[in-house]
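Student: What follows is a structure written as structure tokens; I'll ask about it next.
Please treat every number below as a calculation from the coordinates, not as lab data. Everything numeric in this text was worked out from a predicted model, so none of it was measured. Cβ sites come from the backbone with ideal geometry, for glycine too, and all protein chains shown count toward neighbours.
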Amino acid sequence: MFYTGQGRIVFGGGGVTPDIFIPIDTSFSSQYFTALRQQIPQFMSRWMENKNRATMSSALPEFAQTYTVSDEMLEELATYAEKQGTKKSPVELAKCRNELKLQLKARLAKTLFGDEGLYKILNDDDPAVEKAVQVLNSGQPVAKR
């Protein structure tokens, strides 16, 4: 048992226990997902070389609401990763399809709108962010003594 500077009792050995627990979906996580995700920055850079930015949304809110990553782009990523040494796996790709599409959209938003675009896409449907906003807007104290 330890005491914080303000006298709160904390216990060692188990890490930090959050005040609010939010389970994280890891059903899509695999070595294949990690390998493809690592290729996204380079893939997106090459993908953008052949695209006309003027045909894409010029406003982040519109982009966030309307842009959808196509199955074709996802397949292009898998093919690109295969050329980089990641063996293609249609079964594994199906498991992580939605998360990879989110990551691709976020990276495209970063390219078009900077960090604001990246975090807008990543945070829009994030359960932890939604809960944090809910708690902050509740009017209740965030920290307990």
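Student: Would you mind counting up the charge near Glu92? Only other residues with Cβ under 15 Å from its Cβ, with Lys and Arg at +1 and Asp and Glu at -1.
Tutor: +3
Student: Ranked highest first by average number of other Cβ atoms within 10 Å, how do 101-108, 65-72 line up?
Tutor: 101-108, 65-72
Student: Once you have the Cα-Cα distance between Tyr119 and Arg97, take 0.36 nm times their residue separation minus that, and quote the gain in nm to one decimal.
Tutor: 5.9 nm
Student: Once the Cα gyration tensor of the stretch 41-94 is diagonalised, what are the square roots of 5 times its eigenvalues, in whole Å and ordered largest first, as equivalent ellipsoid semi-axes?
Tutor: 25, 14, 8
Student: Turning to a different aspect of this structure: Based on the Cβ-Cβ distance from Ser45 to Ile9, what FRET efficiency comes out when R0 is 35 Å, to the nearest 0.05?
Tutor: 0.10
Student: Sticking with this one: Kindly state, to the nearest 0.05, the FRET efficiency for Gln84 paired with Ala59, given R0 = 35 Å and r defined as their beta-carbon distance.
Tutor: 0.55
Student: Give the dimensionless ratio obtained when the Cα radius of gyration of the stretch 64-128 is divided by 2.2 N^0.38 Å.
Tutor: Normalised by 2.2 N^0.38 Å, the Cα Rg of the stretch 64-128 equals 1.19.
Student: Using all C-alpha to C-alpha distances in the chain, build P(r) with 5 Å bins and read off the rounded percent in each one.
Tutor: Reading the bins upward from 0: 2, 8, 15, 16, 15, 13, 10, 8, 7, 5, 3, 1, 0.
Student: Now a separate question. Among residues other than Thr68 whose Cβ falls under 9 Å from its Cβ, what is the net charge (Lys/Arg +1, Asp/Glu -1)?
Tutor: Cβ neighbours under 9 Å give a net charge of +2.
Student: Given contacts defined as C-alpha pairs under 8 Å and at least six residues apart, what's the relative contact order of the chain, whole-number percent?
Tutor: After rounding, I find 25 percent.
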